[in-house]
Amino acid sequence: MTSPPPRSELPVPHRVVALLTPPQPVFPLACASAVLGDHGPEVPARYAFEVCAERPGAVRTEAGYDLLVGSGLDALEDADTVLVPGWGPGAGSEVPPAVVAAVRRAHARGARVVGLCAGAFVLAAAGLLDGRRAATHWSRAAELASRFPRVRVDPAVLYVDHGDVATSAGGAAGVDLCLHLVSADRGAGYATRIARRLVMPPHREGCQLQYAEPPAAGPVADSLAPLLEWLGERLEQPLSVADMAARARVSPRTLTRRFGEQLGISPGRWLLDRRIAAARALLEETDLPVETVAHRVGLSSAVNLRRRFHEAVRTTPAAYRRAFRAQGAGAGAVPGAG
């Protein structure tokens, strides 16, 4: 049996501190802790997740119960990521000056600042979104744009990541953003392990729609979940939109419409995204030649993989592998990843 590496060689956990504000929305906090918290012995710990509040003690939640928070704003002083999991106060509520100042200080010293759902209001109040594109829950997008006209609010996308600052839409888009950040920090393979524990897809692009308009008339489209599972098990096979449509027993046109309605993306784009994610995991976790990786993920050749990989990740497969290995299997962000 291989002995565990000495403690000094283990990656230092990335410290995430969630800043809670009463009344604290519980779902964004749960999304963040589910991805960035403890996953037991099956998944090595790469993050340390903590919470803080402006005033330590009982923090009221929107669900009607209180959370006991032991740390104040000083917990943000050495956080690697400051995360604002939602913003519960109603329309027109001002972010407390002490919270604004603490978030600004953390960002100024180099911490990444992340706002989930309406947490974008806190980042906007701190001036971190001025001149930048940002996401929030679609129902509060107009309010965010009105109160902070220098923020370029995109009401449709799942998330926006600028590297030092990131924002997500509402609901499960917080999980999407957190998994995206884990992939950028620790690699696609590690993010996939967490996603598997959560029984959910490991990756959805930030440019995908956060919601889709329902059809004007007729029944709601059938779920794509069985087809997506079937495709995920056959990435190495040559699969066309016609093949997917035949499996789903619909026409290619109907299938394309369903992908747009349910995922905000075309069938071909979805399949390519999955193949790139699988290639990243193989480059991180194996020494397989690039040609073999290309065939394993259904991209036919090393030339095609290099072209598609560069379009998606802005680097080559070989450079990605070197950067990932050089940083100790995910000790920090992979240049060009995400």
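The values are calculated or read from the model by the stated rules, or taken from the named source; none is laboratory data. These figures come from a predicted structure and were not determined experimentally. FYI the Cβ positions are ideal-geometry reconstructions off the backbone, even for glycines, and counts take in every protein chain you see. The protein model used for the area step is the full one, side chains on, heavy atoms only, and it has no ligands, DNA or RNA in it. Shrake-Rupley method; radii C 1.70, N 1.55, O 1.52, S 1.80 Å.
In the chain, what percent of the accessible surface is made up of carbon and sulfur (1.4 Å probe, ligands and nucleic acids excluded)?
55 percent
Please compute the length gained on full extension between Arg105 and Glu229, using 0.36 nm multiplied by the number of residues separating them and subtracting their Cα-Cα distance.
Stretched out fully, the Arg105 to Glu229 stretch lengthens by 40.2 nm.
Any idea what angle helix 173-186 forms with the longest principal axis of the chain, computed on alpha-carbon atoms, 0 to 90 degrees, nearest 10?
Approximately 80 degrees, to the nearest ten.
How much length, in nm to one decimal, is gained on full extension between Arg325 and Glu62, taken as 0.36 nm per residue of separation minus their Cα-Cα distance?
90.3 nm
Find how many whole Å separate the alpha carbon centroid of the stretch 242-272 from the alpha carbon centroid of the stretch 137-186.
Cα centroid to Cα centroid, the span is 26 Å.
Could you state the angle between the C-alpha long axis of helix 97-108 and the longest principal axis of the C-alpha atoms of the chain, as a value from 0 to 90 degrees rounded to the nearest 10?
The angle comes out near 50 degrees.
Between Glu291 and Asp243, what length comes free when the chain is fully extended (0.36 nm per residue of separation minus the Cα-Cα distance, one decimal in nm)?
Stretched fully, the Glu291-Asp243 segment lengthens by 14.8 nm.
Could you tell me the calculated FRET efficiency between Ala156 and Arg15, based on Cβ-Cβ distance and R0 = 45 angstrom, to the nearest 0.05?
0.90
Mind ranking 151-161, 167-177 by how tightly packed they are, going by the mean number of other C-beta atoms within 10 angstrom, highest first?
For the peptides 151-161, 167-177, the packing ranking is 167-177, 151-161.
Residues of the stretch 159-182 with the amide nitrogen closer than 14 Å to a label point 7 Å from the Cα of Ala30, along Cα-to-Cβ, please.
171-175
Please find the FRET efficiency linking Ala142 to Val43, where r is the Cβ-Cβ separation and R0 is fixed at 25 Å, and quote it to the nearest 0.05.
The pair Ala142/Val43 has a calculated efficiency of 0.05.
What distance in nm separates the simple spin-label points at Thr316 and Glu77, each placed 7 Å from Cα in the Cβ direction?
4.7 nm
With every protein chain left in place, what is the accessible area per residue of the chain in square angstrom, probe 1.4 Å?
47 Å²
For the ranges 277-284, 231-238, what's the packing order if you count other beta-carbon atoms within 10 Å of each residue, average per peptide, and put the highest first?
Ranking, from highest mean packing down: 277-284, 231-238.
For Cα Rg over 2.2 N^0.38 Å, which listed value, (1) 1.04; (2) 0.97; (3) 0.93, comes from the coordinates shown?
This structure yields the entry labelled (1).
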